[in-house]
Amino acid sequence: MEQSKQKKKSESEITMEKKNRIYRLLPRVDELMRQKKVQQMVAKEGYDRIRSLVRQSVDQLRNEITGELSRGISEKDAKEKIEQFLRSLETGFEKTKVEDLLAKEKEKAIHPVYNGTGVILHTGLGRAPLSHEIAEKLGKIAENYSSLEYDLPEGKRGNRTEYIEELLCQITGAEAALAVNNNAGAVLLALSALTKGGEVIVSRGELVEIGGKFRIPEVLELSGATLREVGTTNRTRIEDYERAVDDGTKAFLKVHASNYRIIGFTESVSAGKLKELSQKLAKEEKRIPVIEDLGSGVLVDLQEYGLGKEPTVQEEVKAGADLICFSADKLLGGAQAGLIVGKKSYVDQMRNHPLLRALRIDKFARTALEAVLKEYLDLKQAVQTVPVLQMLTCPVQELQEKAVRCCARLDQEGIPVRVQVETCVSKAGGGALPELELPSYGVSLLPEEIKVEALEERMRRLPVPVIGRVKEGRFLLDMRTFSEEGIKELEEQLAQLAEK
Ligand SMILES: *Cc1c(COP(=O)(O)O)cnc(C)c1O
């Protein structure tokens, strides 16, 4: 017992000595900064940035060696590793750790990407893309001063969102409107302004989580209201709401089932029915507004385009909802914002709430949103010009032609990739129209020399990344979301692959 303990101790002493001998061989950061390759990087990227990466690379090397020592690597191998690290920094074509770190750091920055996933509102990829015209306008607003809060005819301070509100009223027929940072903010503001300290009645079938920790019960709590659940998961009737009303009731909240469906034996109460109840209660001096979280916020009837039924904002206004909150960058196809339309007295309560200042939209969202809403003044035109609607309604025939064209351009002489046209299925995404399966066409790439996962990674790490899906061993690009520029870029990338 005593003996084995001693033996262990001496063993660890040996490793310690060995470790220290090896650690002494690790290069010093200042020495490395004088290496030719490092100097070249310094010329391009600046001294401080490269110095910090050089330090990180030495730390990384030390960690790697520590790990390997504990797994019994020989002293000789550890030395060789350090020498190799030094050699790579001196000259030669070998990629250095510092270059790796620099490349990784560059990839952390936001990049434009080509979306071949077929998911139109891909939250990871920035939801709704905007048209080229709007992008140009954004550029001008970005590099100049603008009339963001300046009334040009009067020459005095103006209102940031007034024009957006006017457009929203025109399009939806609502009395009043408001724009904030996003829909989660819109719902929070509506509940905070109207229901604080009271009870809000919600159907059990609508107590949803939207994603990103946005859960209706928690938002209610945050806004200072108490949740009063009624009905059951699958069925809620108007009597359930009526029975739950008491003196503390501040609102009926309806939440649109954006990202899921309850199917089968179901029943829910429409905003119109809730409005009837609200009007009946108004006769008893009870003022209970109907607040609706509509989620996506569609302004055109998608059913006309064969896309399934989503209630439009206009329909809900007509049905009598007092406040309707919706996202501006889901099916509406605008920039990140939360829009609210409804009765003027309630909208004014929100307008006067201190939270509004914390949730105000920035100048880029305002610019983009204003331009997109202008398209919606003519709904038929919007379907032609708003990219999200274009993609949603694009005839499958056109997608097939695009796939054939793309395939012909990518299928180049000498590339180690088999290219072919395939049918596939696109999705709306963004928690909208969860059941919708849009038949589509794509182009698949089957690499002959590398694994499909390796090809997927290579595509993802291109200067302008190409994001696709791996399906049945092939890398698939859905033409519904993949742009013409994406096709051009990929053609060039594949040509380079053929040269190698
Ligand atoms: C998406 C969604 C939200 C959140 O909207 P953001 O604009 O992403 O903040 C809230 N409620 C519903 C029902 C949604 O679908």
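The values are calculated or read from the model by the stated rules, or taken from the named source; none is laboratory data. Values in this document were obtained by computation on a predicted structure and should not be read as measured data. A quick note on method: Cβ atoms are made from the backbone with ideal geometry, for glycine too, and the neighbour counts reach across all protein chains shown. For accessibility, only protein heavy atoms count, side chains too; no ligands or nucleic acids. Shrake-Rupley method; radii C 1.70, N 1.55, O 1.52, S 1.80 Å.
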Any idea which of (1) open to solvent by less than 10 Å² (accessible area, probe 1.4 Å); (2) under 24 Å from L307 (Cβ atoms); (3) in contact with a Cys (Cβ under 9 Å, 6 or more places away or on another chain); (4) within 16 Å of the ligand (Cβ to nearest atom) is the one V187 doesn't satisfy?
-> (2)
Verdict on V202 being surrounded by 20 or more Cβ atoms within 10 Å (Cβ to Cβ), in a strand (DSSP E or B), within 15 Å of the ligand (Cβ to nearest atom) and of a type in the set (V, I, T) | yes
Verdict on D322 being away from the ligand (no atom under 13 Å from the Cβ), charged (D, E, K, R), at pLDDT 95 or above and open to solvent by less than 10 Å² (accessible area, probe 1.4 Å) = yes
If you go through segment 350-366 one residue at a time, do you hit one that is surrounded by 20 or more Cβ atoms within 10 Å (Cβ to Cβ) and farther than 30 Å from R287 by Cβ?
-> yes
Going through segment 247-282 one residue at a time, which ones are aromatic (F, W, Y) and either within 16 Å of the ligand (Cβ to nearest atom) or open to solvent by less than 10 Å² (accessible area, probe 1.4 Å) (or both)?
-> F252, Y260
Of all residues in segment 222-246, count the ones that are within 16 Å of the ligand (Cβ to nearest atom) and assigned to a helix (DSSP H, G or I).
-> 1
Residue identified as surrounded by 12 or more Cβ atoms within 10 Å (Cβ to Cβ) and either aromatic (F, W, Y) or at pLDDT 85 or above (or both) among A78, A43 | A78
Could you grab the pairs with beta carbons closer than 8 Å, sequence gap of 6+ or different chains, first residue in segment 189-209 and without any contact (Cβ under 8 Å) to a residue 24 or more places away in the chain, second one within 16 Å of the ligand (Cβ to nearest atom)?
-> E209/R215; E209/I216
Top-ranked residue of segment 422-442 - restricted to ones that are under 18 Å from Q390 (Cβ atoms) and not in a strand (DSSP E or B), ranked as farthest from the chain's Cα centre (by Cα) | L436
Qualifying residues in segment 461-483 (those that are more than 13 Å from G116 (Cβ to Cβ) and touching a residue at least 12 places away in the same chain (Cβ under 8 Å)) - the one most open to solvent (accessible area, probe 1.4 Å) = R461
Say whether the condition of being loosely packed, with under 14 Cβ neighbours inside 10 Å, away from the ligand (no atom under 16 Å from the Cβ), in a helix (DSSP H, G or I) and hydrophobic (A, V, I, L, M, F, W, C) is met by at least one residue in segment 116-134.
-> no
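Being among the charged types (D, E, K, R) and either over 24 Å from R351 (Cα atoms) or surrounded by 18 or more Cβ atoms within 10 Å (Cβ to Cβ) (or both) narrows it down to one of E175, E242, E162, so name that one.
E242 is the lone residue from the list that is among the charged types (D, E, K, R) and either over 24 Å from R351 (Cα atoms) or surrounded by 18 or more Cβ atoms within 10 Å (Cβ to Cβ) (or both).
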Take segment 448-460 and flag every residue that is assigned to a loop (DSSP other than H, G, I, E, B) and loosely packed, with under 12 Cβ neighbours inside 10 Å.
-> E448, E449, K451
Among the candidates K250, K254, K213, K273, which residue alone is part of a loop (DSSP other than H, G, I, E, B) and among the basic types (K, R)?
-> K213
Using beta carbons and a limit of 6 Å, which pairs, at least six apart or on different chains, have the first residue in segment 61-84 and closer than 18 Å to P27 by Cα and the second one open to solvent by less than 40 Å² (accessible area, probe 1.4 Å) and among the aromatic types (F, W, Y)?
-> L61/F85
Which residue pairs have Cβ atoms closer than 8 Å, lie 6 or more positions apart in sequence or on different chains, and pair a first residue in segment 166-186 that is closer than 16 Å to A368 by Cα and among the small types (G, A, S) with a second residue that is part of a loop (DSSP other than H, G, I, E, B) and more than 8 Å from the ligand (Cβ to nearest atom)?
-> A179/T161; A179/I361
Here are some conditions: (1) closer than 14 Å to T481 by Cβ; (2) modelled with pLDDT of 95 or more. T123 meets all but one. Which one does it not meet?
-> (2)
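For G212, are the conditions met, namely being away from the ligand (no atom under 16 Å from the Cβ), over 26 Å from L168 (Cα atoms) and modelled with pLDDT under 95?
Judged against the criteria, G212 is not a match.
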Answer yes or no: is there a residue in segment 294-309 that is within 11 Å of the ligand (Cβ to nearest atom), part of a loop (DSSP other than H, G, I, E, B) and touching a residue at least 60 places away in the same chain (Cβ under 8 Å).
-> yes
Single unsatisfied condition, S345 versus (1) in contact (Cβ under 8 Å) with a residue 60 or more places away in the chain; (2) more than 16 Å from the ligand (Cβ to nearest atom); (3) open to solvent by 20 Å² or more (accessible area, probe 1.4 Å) = (1)
If you check every pair at least six apart or on different chains, which have Cβ atoms under 8 Å apart with a residue in segment 415-434 that is more than 22 Å from N259 (Cβ to Cβ) and open to solvent by less than 30 Å² (accessible area, probe 1.4 Å) first and a residue that is basic (K, R) and not in a loop (DSSP other than H, G, I, E, B) second?
-> E422/R474
